[in-house]
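Chemist: One structure is given below, represented as structure tokens, and several questions about it will come after.
The values are calculated or read from the model by the stated rules, or taken from the named source; none is laboratory data. Just so it is clear, the model here is predicted, and its values are computed rather than measured. Neighbour counts run over all protein chains shown; Cβ positions are idealised from the backbone, glycine included.
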Amino acid sequence: MTPMPSQRPYHHGDLRAALLTGAERTLRDRGAAALSLRELARDTGVSHAAPGRHFKDKQALLDALALTGFERLAQTLESADEPARPLERRLAALARAYLGFAVDNAALLELMFARKHDPEVSEQLAAAVDRSVGSFTRLIADAQRRGEIVAGDPERITLAAAAGIHGLAAFVANGSLPPDEALAGLDEHVHLLLHGLRPR
């Protein structure tokens with residue numbers, strides 16, 4: 001008698017990657033509370049003990065999701081950054097890349113920032129956070145060297161700039177602002193961020 005072919009999605013590949021893909025799908029569709037290593041194992045077609053070879057518990061899985069999220073965000077921002085562009089266009093390109101990532105990965109971004117502030121965060125995750133934020137910090141430092149923005153601690157100025165851009169992403173994530181409206185108004189947002197609110 002010929003055995004029935006497996007209907008499971010996993011067939012002897014990279015189990016860790018398959019588990020992370022499944023976990024991200026669950027995170028997007030049902031939230032972090034719905035994540036379960038046992039359910040992931042079942043959905044991936046492996047024994048309930050198999051995920052334990054890669055993630056000792058659910059928290060380790062969440063940390064790995066946050067890490068891959070920050071690594072993808074860093075790649076997204078680095079790909080969008082063109083240091084030769086004028087400041088406003090360069091910042092707008094980075095802001096657009098960040099907002100696009102946030103729109104496409106709202107639940108993941110929320111998890112990323114929740115894990116980022118945990119005092120037990122791993123060195124690997126902290127380095128990935130620094131790399132992703134680094135695109136904005138480099139832009140600020142470059143602009144300071146050229147006299148295009150105020151002097152001061154580049155990290156503090158980056159925090160002020162990033163807060164406005166992340167705020168837009170949060171409005172999109174919670175449904176207060178439609179994604180297309182946020183993206184359409186992004187150039188004006190960046191202009192106000194760079195030039196301030198006082199009449200000129």
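Chemist: Identify all residues within the range 119-140 that are in contact (Cβ under 8 Å) with a residue 40 or more places away in the chain and in contact with a Ser or Thr (Cβ under 6 Å, 6 or more places away or on another chain); write none if there are none.
Modeler: Phe136
Chemist: Could you grab me the full set of residues in the range 150-189 that are more than 20 Å from the chain's Cα centre (by Cα) and either over 24 Å from Gly100 (Cβ atoms) or in a helix (DSSP H, G or I) (or both)?
Modeler: Val150, Ala151, Gly152, Asp153, Pro154, Arg156, Ile157, Glu181, Ala184, Asp187, Glu188, His189
Chemist: Same structure, new question: Got a sec? Which of Ala126, Ala93 is crowded, with 16+ Cβ neighbours inside 10 Å and aliphatic (A, V, I, L, M)?
Modeler: Ala93
Chemist: Please indicate, with yes or no, whether at least one residue in the range 108-115 is surrounded by fewer than 18 Cβ atoms within 10 Å (Cβ to Cβ) and basic (Lys, Arg).
Modeler: no
Chemist: So Leu109 passes all but one of these: (1) closer than 30 Å to Gln144 by Cβ; (2) not in a helix (DSSP H, G or I). Which condition number does it fail?
Modeler: (2)
Chemist: Among the helices (runs of 4 or more DSSP H) confined wholly to the range 1-80, which include 1 or more residues that are at pLDDT 95 or above, under 29 Å from Ala173 (Cα atoms) and in the same structural domain as Arg138 (by TED's automatic domain parsing)?
Modeler: 58-80
Chemist: Look through Asp180, Asp187 and report the one residue that is without any contact (Cβ under 8 Å) to a residue 12 or more places away in the chain and either surrounded by 10 or more Cβ atoms within 10 Å (Cβ to Cβ) or of a type in the set (Gly, Ala, Ser) (or both).
Modeler: Being without any contact (Cβ under 8 Å) to a residue 12 or more places away in the chain and either surrounded by 10 or more Cβ atoms within 10 Å (Cβ to Cβ) or of a type in the set (Gly, Ala, Ser) (or both) holds for just one of Asp180, Asp187, which is Asp180.
Chemist: What are the pairs with Cβ atoms under 7 angstrom where one residue, in the range 64-86, is within 24 Å of Leu15 (Cβ to Cβ) and the other, located anywhere, is among the aromatic types (Phe, Trp, Tyr) and crowded, with 18+ Cβ neighbours inside 10 Å? Sequence gap at least six, or different chains.
Modeler: Ala64/Phe55
Chemist: Is it the case that the range 90-103 has a residue that's more than 18 Å from the chain's Cα centre (by Cα) and assigned to a helix (DSSP H, G or I)?
Modeler: yes
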